[in-house]
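Inspection log for the structure reproduced underneath, given as structure tokens.
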Amino acid sequence: CLSSVMLIRNYILNYVASQPKLAPFVIQALIQVIAKITKLGWFEVQKDQFIFREIIADVKKFLQGTVEHCIIGVIILSELTQEMNLVDYSRPSAKHRKIATSFRDTSLKDILVLACSLLKEMLAKPLNLQDQDQQNLVMQVLKLVLNCLYFDFIGSSADESADDLCTVQIPTTWRTIFLEPETLDLFFNLYHSLPPLLSQLALSCLVQFASTRRSLFSSPERAKYLGNLIKGVKRILENPQGLSDPGNYHEFCRFLARLKTNYQLGELVMVKEYPEVIRLIANFTITSLQHWEFAPNSVHYLLTLWQRMVASVPFVKSTEPHLLDTYAPEITKAFITSRLESVAIVVRDNLDDPLDDPATVFQQLEQLCTVSRCEYETTCTLLVQLFDQNAQNYQKLLHSASGMTVDMIVECYSQKIEPKYWPSYNSTSAKVSFKNLDKQDIFGQTKTEFFQLISLMDTGLPQCCNEKIELAILWFLDQFRKTYVGDQLQRTSKVYARMSEVLGITDDNHVLETFMTKIVTNLKYWGRREAVISRTLQYISPDSLTSITYILLKKLVKIDAVKFMLKNHTSEHFPFLGISDSYSLSDFRCRTTFYTALTRLLMVELGEDEDEFENFMLPLTVSFETVLQIFNNSFKQEDRMLIGLARDLRGIAFALNTKTSYTMLFDWMYPAYLPILQRAVEQWYGEPACTTPILKLMAELMQNRSQRLNFDVSSPNGILLFREASKMICTYGNQILSLGSLSKDQIYPMKLKGISICYSALKSALCGNYVSFGVFKLYGDNHFDNVLQAFVKMLLSVSHSDLLQYRKLSQSYYPLLECLTQDHMSFVTNLEPPVLLYVLTSISEGLTTLDTVVASSCCASLDYIVTCLLKYIAKEGKKPLRCREATQAGQRLLHFMQQNPDVLQQMMSVLMNTIVFEDCRNQWSVSRPLLGLILLNEKYFSELRASLINSQPLPRQELLAQCFRNLMEGVEQNLSVKNRDRFTQNLSVFRRDVAEALRSDGSTEPCSLDMMS
């Protein structure tokens, strides 16, 4: 076998050597085969030699040939380095790490030295870059160096896209290479000598050199190495012609950021060239910020450099000046002024606004906030001056004559005073502190200016409105609230001193009033702008209110604006609550959040006051009465009203977490209004825009959150609620099946989404512990049987692939199935054989999914089924006179399993395969049904065991056999809790021992055969 593989490898090597002018993609594919063969055979031995490691010696023969052969040789080394670093998740990760570590220790350093020597040779001779082959050779060698430096030296498998500012863990044996000044000089010289396409690769190599771990050097060596890097930076900035290329510019910005990542500011200031270099870097940064349209994605690295340097100022112990107090204010000023100047260009030329990406803007402002605090007073003075100037111009233009030109200028100034541009207004959460920076009075001045802007903007509504500035204002208000409003914050903050003089805002109570007034204003005038409404509602959303203390909530409900909302939540005052055809149905989504927040505020002082609750529900009562009067078969005005009402009620129901308050809502809805929703589902089942909100409302009503549905013992409300839910689910299930076959793009919104909501509602009812389901059969009520039959009908209309493909559907179906198998096994055993086979097949397929929720529910369902089967088998010989029904259920299940023995065998294979070969994240869940399956199918378990053992090399077979013996040691033939726990403990040890046995050395590679074969 080894000889055949060697023949294939040698044939490919000879073929590419004899055909160097093949198409590049052909050569690349052949070289990939060579690299994979070499990796997989890295530890193969023949005649006491690692035969596949001779590839490096073979490649050196290529380097002695023509330029084409040299290129092929370099590509082979580059592809081999990449392949050794590539994790193949279909194979054991431990083996990959072992191969990669051996390659690192035996070959990688030699490859890097070889690549550097090739570069030195090429640089020593006049480069003929007009020759395409020469240019290609240089490019491939630089890529080879990069692959060596990108190697995962310590097995961290870091995702470089997650954090670009990482450290390269260079091995200690490479230390001599990095200590030689010629190594860094080589790549700096290559940058200055090569065209942009190649010079950016040289800079990429320098980025990795700058990221070398600190512990590789002693302190004097580190200082010398840093000095060489700084000299190279100075040389590049003094000759900046190459930076006009975007690729070079980007890599150079990364290079600068890496300098501060791996070296402390105290070390940088000790470098002889530091004063001149920091001046050059500052000028380079200012120029970059002023030319904002050039390589905007690179600015992040420059700001990172300055942010980290300024953040390090308090920790510098050196007496050498860091000069950041000179240059940091200039950076801040350049950022602000360049962004202000960009607005006119963007508006005039209708360009893409670079500040339309909130994530990028906020990230840059977070960085600039730190930089701006280096000379805080200077920064604030500049901000106040620029803000006043632009706000005054904006105010003048608002009162000028209308026209296209004026509109454009107003738009321009609207964006100029947008808070995104003002880092000090966004720096309320900046955490860098400096001595003598208690400048709260200046901060109060900046905040005062901003609150005046809010007043100015609101006076122009609704005629003059700008969505961007409104969103930014909301963001600022939220940041201010987090910093200056709350029980744990200083009530006598100096920020309020200046605000008190100008605005009369003396404490956080006045700020809360301003906030709530602003929220009401937005809800009144921005009804057609979903982005503004959504952002406004975020500040009174359940998450925001949950983070607010009870004392603060008590203050909120006493504010006039809040009282106004609680008494006037109608479309007359808040247009987004209207049902006009000019509103899209997607706009209605805000209503749920609005009513959740409103109900939370109502609950603060509601108590058991039913009259207060009735008054709060009055607008919804009027709407329902209107629907009753105009209800007909058309899908027009009343359906939109019902959609809005369903979303409103869902928000209210979500906020009611006590039995008293929930009972008030139920009494309001039943029996008056729930039949209307039932009728709507029956008539408009084919309109998911209508049925989805209604079904979600019912699912929310079924949630027994905080035991809110535990009605009084004399109350039938639990049963009445379930009856209504049963009617709705049955109606929807029967009607939706009449739609017939649907296209792939329609099946989820038209059918599967509604089914998943029905399953979720039914699961909540079954697990809610507020309904005694035995009552239905006792009194001849068929609502429970009907809803279970509807469940089966809807299930059979869904394919197994769709069950797992749509996450929401699978996460509602499998937990529901778990509830049914746990508490309603008689229903499961009474299913027709094809239906039961469908259910068991869905469990088998769900066991293999990566979704832990689904897999755990499948394990639990299977455990309940197997337990039922084993209990019946244990009692079969006793023939008890009692529990005849349970006996019949067990007999039916046993008969089915005897007719379909492969079902449980397949599931045992899946579980054993998960334990032995996969990263099992729910080991406890897997262990519970596995014991029952083993007890039911001991013969098949023995076959699985023999199959796995025989598939391994002889040295491993005895180890695996011992692992299986240990698995069943002390395990009895029953499913008692004690016995289950014993098996679970054994399984944990078994999994660990099998993994070690499969990783153990052997003469051949572990067979990839798994339990499923």
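I'd like the full set of residues that are under 38 Å from the mean Cα position of the chain (by Cα) and open to solvent by 30 Å² or more (accessible area, probe 1.4 Å), limited to the stretch 857-871. Within the stretch 857-871, TYR864 is the sole residue that qualifies. Scanning the stretch 367-391 for residues that are closer than 19 Å to LYS468 by Cα and without any contact (Cβ under 8 Å) to a residue 24 or more places away in the chain returns no hits. If the condition is being in a helix (DSSP H, G or I) and under 14 Å from ALA202 (Cβ atoms), then the stretch 235-248 contributes ARG235, ILE236, GLY242, LEU243, GLY247, ASN248.
If you go through the stretch 266-285 one residue at a time, how many are of a type in the set (A, V, I, L, M, F, W, C), in a helix (DSSP H, G or I) and more than 11 Å from LEU305 (Cβ to Cβ)? Residues flagged as of a type in the set (A, V, I, L, M, F, W, C), in a helix (DSSP H, G or I) and more than 11 Å from LEU305 (Cβ to Cβ) within the stretch 266-285 amount to 2. Of the residues examined, LEU256 is one that is in a helix (DSSP H, G or I), crowded, with 21+ Cβ neighbours inside 10 Å and modelled with pLDDT of 90 or more.
Go through the stretch 652-665 and count every residue that is open to solvent by less than 10 Å² (accessible area, probe 1.4 Å) and either more than 34 Å from the chain's Cα centre (by Cα) or under 17 Å from ASN615 (Cβ atoms) (or both).
Residues of the stretch 652-665 open to solvent by less than 10 Å² (accessible area, probe 1.4 Å): 652-653, 655-656, 661-662, 665.
From what's left, either more than 34 Å from the chain's Cα centre (by Cα) or under 17 Å from ASN615 (Cβ atoms) (or both): 652, 655-656, 661-662, 665.
Residues flagged as open to solvent by less than 10 Å² (accessible area, probe 1.4 Å) and either more than 34 Å from the chain's Cα centre (by Cα) or under 17 Å from ASN615 (Cβ atoms) (or both) within the stretch 652-665 amount to 6.
Restricted to helices (runs of 4 or more DSSP H) entirely inside the stretch 347-450, those with at least 2 residues that are within 28 Å of the chain's Cα centre (by Cα) and either surrounded by fewer than 16 Cβ atoms within 10 Å (Cβ to Cβ) or at pLDDT 75 or above (or both) are 358-372.
Taking the residues in the stretch 720-737 that are over 14 Å from LEU795 (Cα atoms) and among the small types (Gly, Ala, Ser) as candidates, determine which candidate is farthest from the chain's Cα centre (by Cα). My answer is SER726.
Please go through the stretch 695-716 and pick out each residue that is within 21 Å of CYS758 (Cβ to Cβ) and outside any helix (DSSP H, G or I). Steps first, answer last, please.
First, pick out the residues of the stretch 695-716 that are within 21 Å of CYS758 (Cβ to Cβ): 695-705, 709.
The answer is MET702, GLN703, ASN704, LEU709.
Based on what the data block shows, is GLN898 under 33 Å from the mean Cα position of the chain (by Cα), open to solvent by 10 Å² or more (accessible area, probe 1.4 Å) and at pLDDT below 90?
no
Condition check ((1) in contact (Cβ under 8 Å) with a residue 12 or more places away in the chain; (2) open to solvent by less than 40 Å² (accessible area, probe 1.4 Å); (3) on the phi > 0 side of the Ramachandran plot) across all residues:
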| site | (1), (2), (3) |
| --- | --- |
| LYS763 | yes, no, no |
| GLY774 | no, no, no |
| ASN782 | no, no, no |
| LEU788 | yes, yes, no |
| VAL792 | yes, yes, no |
| LEU803 | yes, yes, no |
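All conditions but one from (1) touching a residue at least 40 places away in the same chain (Cβ under 8 Å); (2) assigned to a helix (DSSP H, G or I); (3) touching a Phe, Trp or Tyr at 6+ places or on another chain (Cβ under 8 Å) apply to SER288; the one that does not is (1). Selection over the stretch 184-224 of residues that are surrounded by 17 or more Cβ atoms within 10 Å (Cβ to Cβ) and outside any helix (DSSP H, G or I) gives a count of 4. Just one residue in the set ILE736, ILE747, ILE719 is β-branched (Val, Ile, Thr), assigned to a helix (DSSP H, G or I) and open to solvent by 30 Å² or more (accessible area, probe 1.4 Å); that residue is ILE719.
What residue, of THR914, THR849, THR867, is modelled with pLDDT of 85 or more, among the β-branched types (Val, Ile, Thr) and not in a helix (DSSP H, G or I)?
On the way: THR914 fails: not in a helix (DSSP H, G or I); THR867 fails: not in a helix (DSSP H, G or I).
Unique residue meeting the criteria: THR849.
Within the stretch 983-994, being under 26 Å from LEU869 (Cα atoms) and either surrounded by fewer than 14 Cβ atoms within 10 Å (Cβ to Cβ) or of a type in the set (Gly, Ala, Ser) (or both) holds for GLN985, SER988. Do we have ALA699 as open to solvent by 10 Å² or more (accessible area, probe 1.4 Å) and either within 27 Å of GLN629 (Cα to Cα) or without any contact (Cβ under 8 Å) to a residue 12 or more places away in the chain (or both) here? Criteria met by ALA699.
For first residues located in the stretch 198-209 and in contact (Cβ under 8 Å) with a residue 40 or more places away in the chain, partners that are of a type in the set (Lys, Arg) and part of a helix (DSSP H, G or I) and lie 6+ apart or on another chain with Cβ distances below 7 Å form the pairs LEU201/LYS143; VAL207/ARG254; VAL207/ARG258. Under the condition of being hydroxyl-bearing (Ser, Thr, Tyr) and modelled with pLDDT under 90, the residues counted in the stretch 163-192 number 1. Step by step: first the residues of the stretch 805-841, then only those that are in contact (Cβ under 8 Å) with a residue 12 or more places away in the chain and in a loop (DSSP other than H, G, I, E, B), then the one that is most open to solvent (accessible area, probe 1.4 Å). Which residue is that? This residue is ASN830. Every condition in (1) open to solvent by 10 Å² or more (accessible area, probe 1.4 Å); (2) in a helix (DSSP H, G or I); (3) closer than 30 Å to GLN629 by Cβ is met by ALA672 except one, and the failing one is (2). Please work out if LEU7 is open to solvent by less than 60 Å² (accessible area, probe 1.4 Å) and free of Cβ contacts under 8 Å to residues at least 24 places away in the same chain. No. The residues of the stretch 13-46 that are under 45 Å from the mean Cα position of the chain (by Cα), over 23 Å from ALA100 (Cα atoms) and surrounded by fewer than 16 Cβ atoms within 10 Å (Cβ to Cβ), listed by number, are ALA23, PRO24, PHE25, VAL26.
In the stretch 41-54, the residues that are over 9 Å from LEU2 (Cα atoms) form Cβ pairs under 6 Å with partners that are among the small types (Gly, Ala, Ser), at six or more places apart or across chains, as follows: PHE52/GLY41.
Considering each residue of the stretch 961-982, count those that are of a type in the set (Val, Ile, Thr) and open to solvent by 70 Å² or more (accessible area, probe 1.4 Å), and give that number. First the steps, then the outcome.
Of the residues in the stretch 961-982, the ones of a type in the set (Val, Ile, Thr) are 971, 977.
From what's left, open to solvent by 70 Å² or more (accessible area, probe 1.4 Å): 977.
Matching residues across the stretch 961-982 total 1.
The residues in the stretch 309-337 that are under 37 Å from the mean Cα position of the chain (by Cα) and polar (S, T, N, Q) can be counted, and the count is 3. Here the helices (runs of 4 or more DSSP H) wholly within the stretch 60-155 that include at least 1 residues being open to solvent by less than 40 Å² (accessible area, probe 1.4 Å), within 22 Å of ALA202 (Cα to Cα) and without any contact (Cβ under 8 Å) to a residue 40 or more places away in the chain are 67-85, 109-124. Within the stretch 510-538, the residues that satisfy the criterion of being crowded, with 20+ Cβ neighbours inside 10 Å and in a loop (DSSP other than H, G, I, E, B) are TRP526, GLY527.
The values are calculated or read from the model by the stated rules, or taken from the named source; none is laboratory data. Worth saying up front: this structure is predicted, and the values here are computed from it rather than measured. All Cβ positions, even for glycine, are placed from backbone atoms using ideal geometry, and neighbour counts span all protein chains on display. Protein only, heavy atoms only, side chains kept; ligands, DNA and RNA dropped before computing areas. Shrake-Rupley method; radii C 1.70, N 1.55, O 1.52, S 1.80 Å.
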